[in-house]
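Throughout, read-outs are computed from the coordinates displayed, never taken from laboratory work. Just so you know, these numbers come straight off a predicted model, no measurement behind them. Methodologically, a virtual Cβ is constructed for each residue, glycine included, from the backbone with ideal geometry; neighbour enumeration extends over all protein chains shown.
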Amino acid sequence: MPFTLSPDLLEETLAVPSPGLIDQPAALSADLLAKMDAYWRAANYLTVGQIYLQENPLLETPLKLEHIKPRLLGHWGTTTGINFIYVHLNRLIKEHDLNMIYVIGPGHGGPGLVAHSYLEGSYTERYPAIERNRNGLHRLFRQFSWPYGVPSHVSPETPGSIHEGGELGYSLLHAYGAAFDNPDLIVACIIGDGEAETGALAASWHSNKFLNPARDGAVLPILHLNGFKIANPTVLARISRQELTELIRGYGYEPHFVEGDVPAVVHQSLAGTLDAILAEISAIQKAARSSPETVERPRWPMIVFRTPKGWTGPKFVDGEPVEGTWRAHQVPLADLKNPGHLRQLEAWMKSYRPRELFDERGKFRDEFAALAPTGHRRMGSNPHANGGELLFPLSMPHFHDYAVKVPKPGCVEAESTRVLGKFLRDVMKLNLEKKNFRIFGPDETASNRLDAVYEVSGKEWMAEVEDVDINLSAEGRVMEVLSEHLCEGWLEGYLLTGRHGFFSCYEAFIHVVDSMVNQHAKWLKVSRKIAWRKPIASLNYLLTSHVWRQDHNGFSHQDPGFIDHLANKKADIVRIYLPPDANCLLSVADHCLRSRNYINLIIAGKQPEWQWLDIDSAVRHCTAGAGIWRWASNESGDPDVVMACAGDVPTLETLAAVTLLRTYVPEIRIRVVNVVDLMVLQPQSEHPHGLEDQDFDELFTTNKPVIFAFHGYPAVIHKQTYRRRNHDNIHVRGYREEGTTTTPFDMVVLNNLDRYQLALDAIDRIPRFSDQRGKATARYWTAMERHKLYISEHGEDMPEVCDWRWTL
Ligand SMILES: Cc1ncc(C[n+]2csc(CCOP(=O)(O)OP(=O)(O)O)c2C)c(N)n1
């Protein structure tokens, strides 16, 4: 059936200029408006079809119960707004040849994005079985929220997406992360008004103080003010317009309101507003790029899009209002066995006039399809949303050049992270031109001793600068903001669009982003199975200022639980490294920065510590992941005990315990095993890094006591090793949630991880020294008394601890 403009729409169209633009001509011609409206109706039809239909996709026969899916899943309420905006962004892209991607905060609007990428052709290119005809429509509908089909959210399977949006709060951060260093990119970002209540989103408005219009792309935030969350109104919908305007202006944006429920009115309004906004963005960028040295923070435009939740859906169901209320959030008609509901669904779907939109073969009619951009300009095919396609490897300095000279173990001290800082400085330097590397941190880069990076790049800062400030720069590539959420979200957006980054954080406070990491891990897990999603750079964490050296900060800063958190993730995603010294840290960091599709966790101290391995030994050790430190051992294949350690402080205590043991019982035969890569402990069936049982047994023996000094909570080691033959003999010391503001050594004492305890543990478990247990216990308690008295009196650790050296 040929397309005809409905008389109602024609009338509305011609009658209504854009509100707020009263003196200007309507932005859209009647013909274009009608076609855009048809496009929107098509997307809405496909949305409803995905939620409800398993058969009869074009409603060619009267709708029956057997055409309806047995389980009705999905979210209707948010999608019409999202669909509406997509159509308008398409116009803008096409008219101005824009490079644009679309981030959807309320990711439950997934069917909307699937619908659009189908209509523009991106979907069929990625999934050829979903043809652009009746057959394809049938499959498209059926697969949605179907077991092993496509999920209901904007998942990695959705072409054009970099943001799942299942967990609300991170859309604007991902949008900004994508825009950094992408001067030609515009990231349109829908923010749910419910989502806007989250802490992460509330803070992320401030991202505009970190975006340089001369160097970066633009973010267009669109607050989707549809008024409701799941069952409640939203805060931003229930404050006055003035208060909302002041709030948005206070965040440094200029709000443009697009409001209404009459489609034609809203079409004109949004089109006019987008034209005006694009002109503003162009003007901002032009001004900034013509004099980048004097660039100032602009007031970026944003849109408040106030339309009804569930717009165009059923107005009433069973006498209750639905459109424009919270009842529209999910599936507005839920009981399709009720013939009334079935008829209502049919009428609802037919209100989009599918025959006008799809031809007799079920193909989207050319006159509407032609509205979409083509090729990579389609938002579903923009390579920025499949960042691996754009990923260039980092140019890397040779990390050996930064090595600490270690002529023999334990004869020099170094601050590991300061050594790493010089390496990172040169990673930054070598990639300045490519503009594809940034460092992120919650104002801790200097505190974490990585400040060498400031020699080549300042801290990005677009707000005011005062004389007292140091290293701030509008051109900075170090992103510092006191919000772990912002650091994490920006970095994820940056990585997902094909760049590289490094996040350093105090160990205890990385938990602030536990949940965000979960989501990223899920994204990576799913992406790995999608052939067209190219691998992206890994998400690299350096946790320092760790649990054992929070001497002045105390208990609040002591928490090694991020290891536990990550250890639960899929083995093909997560790597956990505990380099015992600076050279191992260099080797591990180099490896992580070259890796793809992982979440790499590195934990290393920043305090001066004894160094154990020269760089060649460090590389060998880190490559193996764990190994016997022969220089610290005195057995030849038949140890009395294995003294194992993972983490820099546990390694120090273990080596000190070895010296004590060899003084107490000179005939003792000790093997020292150090673990850098925690995942080697798991069976190989569980993790690709896992040691074969035979190799594990060669390190840890099959029957000798193992005293394992661990950086984190002991349960992690038990969990990793419980299937190993010698597990019953593995005795783990680690953090027991004991802490306060005290000396470094007292921290390990409080948690029974100290050298005296480890030495006692060894004696207690070696059968041939059973007669020495009483003496060893008494010696332990004497040492403890000495320690407690000394720190109480002197406020610092005993000389025998502070001056300890590896001398064997
Ligand atoms: C962090 C988080 N908390 C709670 C939820 C559960 N949830 C799913 S949708 C929704 C309402 C979202 O409201 P809004 O952001 O306004 O989106 P829209 O109304 O457009 O659907 C909630 C609370 C979630 N997905 N994420």
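What helices does the chain hold that run 27 Å or longer along their axis, going by alpha-carbon atoms, with a Kyte-Doolittle average of -0.5 or more, using DSSP H for the helix calls? Counting only whole DSSP H runs, the qualifying helices are 30-52, 263-290.
So between Asn568 and Ala129, what do we pick up on full extension, going 0.36 nm a residue minus the alpha carbon distance? Intermediate results must be reported in sequence, preceding the final value.
Numbers: separation 439, 0.36 × 439 = 158.04 nm, distance 3.54 nm.
Length gained, Asn568 through Ala129: 154.5 nm.
Using the alpha-carbon positions of the chain, Rg (one decimal) and Dmax (whole number) come out as 30.6, 101 Å. When +1 charges are put on Lys and Arg Cβ atoms and -1 charges on Asp and Glu Cβ atoms, the dipole computed for region 166-282 relative to its Cα centre reaches about 180 debye.
Would you kindly calculate the translational diffusion coefficient of region 768-808, applying Stokes-Einstein with the Kirkwood radius from alpha carbon pairs, for 4 °C and a viscosity of 1.567 mPa s, and quote it in µm² s⁻¹ without decimals?
Values: Rh = 11.9 Å.
Answer from the Stokes-Einstein relation: 109 µm²/s.
Explain nothing, just the number: relative contact order of the chain, from Cα pairs under 8 Å at least 6 residues apart, as a whole percent.
Working: 1701 pairs, mean separation 89.8, N = 808.
Relative contact order comes out at 11 percent.
Find the percent of Cα-Cα distances in region 717-764 that exceed 11 Å, and round it to a whole number. Tail fraction, whole percent: 71. Kirkwood-type hydrodynamic radius, region 269-309: 11.8 Å, calculated from all non-identical alpha-carbon pairs. Among 109-119, 532-542, the peptide with the highest mean count of other Cβ atoms within 10 Å heads the list, and the full ranking is 109-119, 532-542.
Per the Debye formula on identical point scatterers at the alpha carbon atoms of region 719-804, with no solvent, log10 I(q)/I(0) at q = 0.21 Å⁻¹ is -1.05.
For region 324-466, a Kirkwood hydrodynamic radius built from all Cα pairs, placed in the Stokes-Einstein relation at 4 °C and 1.567 mPa s, yields a translational diffusion coefficient of 58 µm²/s.
Quick check on the exposure proxy: order His731, His224, His711 from fewest to most C-beta atoms within 10 angstrom.
Numbers: His731 20, His224 28, His711 31.
Fewest-to-most Cβ neighbours within 10 Å comes out as His731, His224, His711.
So for region 424-581, averaging the separation of alpha carbon pairs under 8 Å that are six or more residues apart and normalising by length, what relative contact order in percent results?
Working: 225 pairs, mean separation 34.2, N = 158.
Value for region 424-581: 22 percent.
Here the dipole of the chain is about 2120 debye; that uses its Cα centre as origin and unit charges on the Cβ of Lys and Arg (positive) and Asp and Glu (negative). Put a dot 7 Å past the Cα of Lys529, heading toward its Cβ, do the same for Thr740, and the two dots end up 5.1 nm apart. Taking label points 7 Å from Cα along the Cα-to-Cβ direction, Leu73 and Glu793 give a separation of 6.9 nm.
Quick one: of the DSSP bridges fully inside the chain, what percent are antiparallel, nearest 5?
Once the DSSP bridges in the chain are tallied, antiparallel ones form about 20 percent.
Here the label points at Asp697 and Asp359, each 7 Å from Cα along the C-beta direction, are separated by 7.0 nm in the simple model.
Beyond 17 Å, the tail of the calculated P(r) for region 39-145 holds 54 percent of the Cα pairs.
Expressed in nm to one decimal, what extension gain is obtained for the pair His400 and Glu475 from 0.36 nm per residue of sequence separation less their Cα-Cα distance? Kindly include the intermediate steps, with their values, before the conclusion.
Numbers: separation 75, 0.36 × 75 = 27.00 nm, distance 2.95 nm.
Working it through step by step, the gained length comes to 24.0 nm.
Based on every Cα atom in region 286-365, Rg and the maximum pairwise Cα distance Dmax equal 22.2, 68 Å. Computed over region 232-375, the quotient of the alpha carbon radius of gyration and 2.2 N^0.38 Å is 1.45. Computed over the alpha carbons of region 453-501, Rg followed by Dmax gives 12.0, 36 Å. Considering region 180-303, its Cα convex hull presents a mean projected area of 8.1 nm².
Can you tell me what percent of all Cα-Cα pairs in region 126-243 are more than 18 Å apart? Beyond 18 Å sits 62 percent of the P(r) for region 126-243.
How much length, in nm to one decimal, is gained on full extension between Ser351 and Glu686, taken as 0.36 nm per residue of separation minus their Cα-Cα distance? List each step's numbers first, then the result.
Working: separation 335, 0.36 × 335 = 120.60 nm, distance 5.30 nm.
Residue separation times 0.36 nm, minus the Cα-Cα distance, leaves 115.3 nm.
For a paramagnetic label modelled on Leu430 (point 7 Å from Cα along Cα→Cβ), amide N atoms under 17 Å away belong, within region 490-512, to 500-502. When peptides 724-730, 375-381 are ranked by their average number of other Cβ atoms within 10 Å per residue, the highest-first order is 375-381, 724-730.
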